[in-house]
Amino acid sequence: MAPPPRLAALLLLVIVGVLSSSAARADLVISRADRKVDLTSHIVRILTSLKVENVGSEPVSNVLLAFPNIQAKNLAAIRAFGTEGKVKGLSTIVPIEVVQPSGAPPELTFFSASLHKALEKGRILHLDVLTVFTHSLQPFPEEIGQADSQLVVFQDSSHYLSPYPVKVQTLSIRLPGGRVESYTKHANTKLVDSELKYGPFEDLAPFSYNPIIVHFENNNPFAVAKELIREIEISHWGNVQITEHYNIVHGGARLKGEFSRLDYQSRPYVRGVSSFKHLVAKLPPRAHSIYFRDEIGNISTSHLWSDAKKTQLEIEPRFPLFGGWQTTFTIGYGLPLQDFVFSSEGKRFLNITFGSPMEEILIEKLIVKVVLPEGSKDIDVSAPFPTNQREEVKYSHLDIAGRPVLVLEKPDVIPEHNLYFQVYYKFNNISLLIEPMMLIIGFFLLFVACIAYMHTDMSISKSSPSYLAKLQWDEVQATVQQIQGIFDQCVAVHDKLETSLHDLSRTGDTKSCKAARKAADAQFKELAKELKPLLMSVQSSPQSYQIWPKLEDLVAKEREMQDKLMARHSTVVDSFEKKLRGQDIENRIASQQQKIAALRQEVESLLEYLSEI
């Protein structure tokens with residue numbers, strides 16, 4: 001099957017560039033090169049075993065490694081291990097750095113392996129180079145249906161690309177199983193089970209490049225974290241809290257058409273073969289307080305196993321992930337402080353892994369935040385690879401100056417980056433007492449305030465103007481209530497006069513009616529005597545300025561109504577003695593009756609006003 005046109009054109013440019021180059025090094029010869037390519041995951045790993053011989057006259061301190069630019073841009077990690085001698089022995093780590101040799105083709109990226117000891121003339125170096133690539137498996141086709149298997153394309157060279165001559169070279173490609181759609185066939189090429197072998201090839205010139213394309217089925221999870229924020233919070237009260245916020249997408253072929261939940265649940269391994277719904281995280285052995293949640297809340301579809309060596313968490317998002325689908329969730333757990341924070345030379349240091357505990361996950365952007373206790377100083381970090389670093393401040397409960405936060409950022413993080421790194425800082429144990437003392441002092445002050453409140457007289461001073469004004473107003477209110485009682489008695493006398501007139505119309509007894517009028521007049525005079533000192537008391541009070549005008553009006557209206565009642569009573573009795581008709585009597589007292597009704601309404605309104613006060 002032909003590769004995508006864009007990649008084929010880039011490969012052609014590389015081939016043209018390397019064939020026109022004259023950057024070969026004649027002092028080193030690779031007597032044997034064995035490459036093993038692992039394509040079982042979406043992260044491509046290539047282990048290259050080189051047997052390098054110095055055939056020149058001078059010692060050599062560096063070994064160049066070459067990669068096409070289109071491949072080097074996806075290089076996430078490179079490591080080298082070397083040992084000198086005819087027989088391969090115990091290897092040591094060899095430092096590697098990017099270099100640009102003079103006269104090298106621009107289509108290639110070069111790395112230099114710096115040997116600890118120069119390779120003398122005639123000596124042999126066994127060099128193992130592990131390279132890890134991301135985004136090197138391209139889905140082809142780029143869109144598939146729900147029931148389709150995922151096919152991917154891998155492109156490389158059957159010849160080992162090197163600036164040195166290669167005497168013998170082999171290539172072994174391990175596939176994940178399933179069908180192989182197509183692959184480039186050269187001499188000495190064979191496919192056995194899930195392993196594709198090329199070579200051996202002999203006597204290869206420098207920069208030999210022979211493109212190959214493998215088109216095969218790969219339904220393993222293409223889990224890609226667009227961003228992972230990993231927060232490590234240290235508490236010297238005995239805990240290291242880890243919180244990881246994931247934004248994960250399926251990086252494989254995008255789903256074409258609609259998704260059928262019914263088909264997926266009935267035959268998930270057929271109707272969702274290219275999807276994945278489980279992720280496995282390998283946590284430290286003594287992890288505790290583990291939780292798994294997303295924006296909606298806690299997710300209960302997870303499983304946990306633990307033993308003395310590890311704690312394994314299997315999580316299941318709320319829905320399966322097909323190509324192009326993404327989900328977000330958070331994992332949190334606690335770790336014992338004594339397992340990860342140690343002391344050395346007057347400093348404390350955190351020793352913990354850098355990357356994600358998830359298996360076979362590619363993290364396009366990893367942000368690690370190490371939250372140190374408040375009061376930490378002289379902060380330093382030691383990481384096994386370059387990272388972007390900055391410092392922040394985080395405020396939490398009972399913090400004063402805030403907690404220092406060391407932020408480390410790195411792109412394209414793979415499982416090989418899950419190495420230990422160290423954060424060094426100074427911390428005084430006395431700082432541990434600050435927050436407890438704040439709580440103790442706070443509760444102590446609260447109790448003192450409560451005691452002081454319970455033993456404090458909060459009443460107003462008896463000599464203060466406001467207290468005196470309140471007493472005067474209370475006296476006025478009490479006096480007004482007495483005045484209301486007197487007016488209630490006056491109303492009762494009014495009723496007696498009305499009753500005597502009703503009895504007169506029924507019996508015609510004028511003597512009894514006159515006696516009732518005389519008694520009413522005596523009661524009115526007696527009530528007036530009782531009212532006089534009360535009115536004087538109210539008038540003399542400075543707090544009566546609002547109600548005194550109403551009281552004056554009430555007294556005047558009451559006196560006028562008493563006079564009208566007495567006059568009407570006298571007119572009715574005289575009319576009965578003259579034996580006038582009832583209609584004539586009504587005509588004589590009509591005007592008086594109207595005036596009495598108006599006065600009675602006004603008096604009732606004023607009494608109601610006093611009741612409200």
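The values are calculated or read from the model by the stated rules, or taken from the named source; none is laboratory data. None of these values were measured; they are calculated from a predicted model. Don't worry about glycine lacking a Cβ; one is built from the backbone with ideal geometry, like all the others, and counts go over all protein chains shown. Keep in mind that these areas ignore ligands, DNA and RNA; they rest on the heavy atoms of the full protein, side chains included. Shrake-Rupley method; radii C 1.70, N 1.55, O 1.52, S 1.80 Å.
Couple of notes before you dig in:
- Hits in segment 214-235 (condition: farther than 24 Å from Ile331 by Cβ and either modelled with pLDDT under 95 or in contact with a Gly (Cβ under 8 Å, 6 or more places away or on another chain) (or both)): Phe216, Glu217, Asn218, Asn219
- Out of Ser512, Ser500, Ser537, Ser570, sole residue that is of a type in the set (Gly, Ala, Ser) and either surrounded by 18 or more Cβ atoms within 10 Å (Cβ to Cβ) or not in a helix (DSSP H, G or I) (or both): Ser500
- Once segment 229-252 is narrowed to residues that are closer than 25 Å to Ser41 by Cβ and part of a loop (DSSP other than H, G, I, E, B), the residue that is least open to solvent (accessible area, probe 1.4 Å) is Gly252.
- Residue selected from segment 164-202 under the condition touching a residue at least 60 places away in the same chain (Cβ under 8 Å), part of a strand (DSSP E or B) and more than 55 Å from the chain's Cα centre (by Cα), by the criterion farthest from Val29 (Cα to Cα): Val168
- Hits in segment 213-228 - residues which are within 12 Å of Ile248 (Cα to Cα) and assigned to a strand (DSSP E or B): Ala223, Val224, Ala225, Lys226, Glu227, Leu228
- Out of Gln523, Gln543, Gln484, sole residue that is surrounded by 10 or more Cβ atoms within 10 Å (Cβ to Cβ), over 60 Å from the mean Cα position of the chain (by Cα) and at pLDDT below 80: Gln543
- Segment 556-565: number of residues that are in contact with a helix residue (DSSP H, G or I) (Cβ under 7 Å, 6 or more places away or on another chain) and either open to solvent by less than 60 Å² (accessible area, probe 1.4 Å) or not in a helix (DSSP H, G or I) (or both): 5
- The one condition from (1) among the charged types (D, E, K, R); (2) open to solvent by less than 30 Å² (accessible area, probe 1.4 Å); (3) more than 26 Å from Ser136 (Cβ to Cβ) that Glu202 does not meet is (2).
- If you go through segment 503-547 and keep only what is out of contact with any helix residue (DSSP H, G or I) (no Cβ under 6 Å at 6 or more places or on another chain) and aromatic (Phe, Trp, Tyr), you end up with just Tyr545.
- His278 being more than 18 Å from Ile248 (Cβ to Cβ) and at pLDDT below 95: no
- Counting only residues that are small (Gly, Ala, Ser) and more than 15 Å from Pro211 (Cα to Cα), segment 167-190 holds 2 of them.
- Meets criteria (farther than 22 Å from Gln241 by Cβ, among the polar types (S, T, N, Q) and over 23 Å from the mean Cα position of the chain (by Cα)) for Ser306: no
- Residues of segment 22-41 satisfying the condition of being open to solvent by 10 Å² or more (accessible area, probe 1.4 Å), at pLDDT 90 or above and not β-branched (Val, Ile, Thr): Ser31, Arg32, Asp34, Arg35, Lys36, Asp38, Ser41
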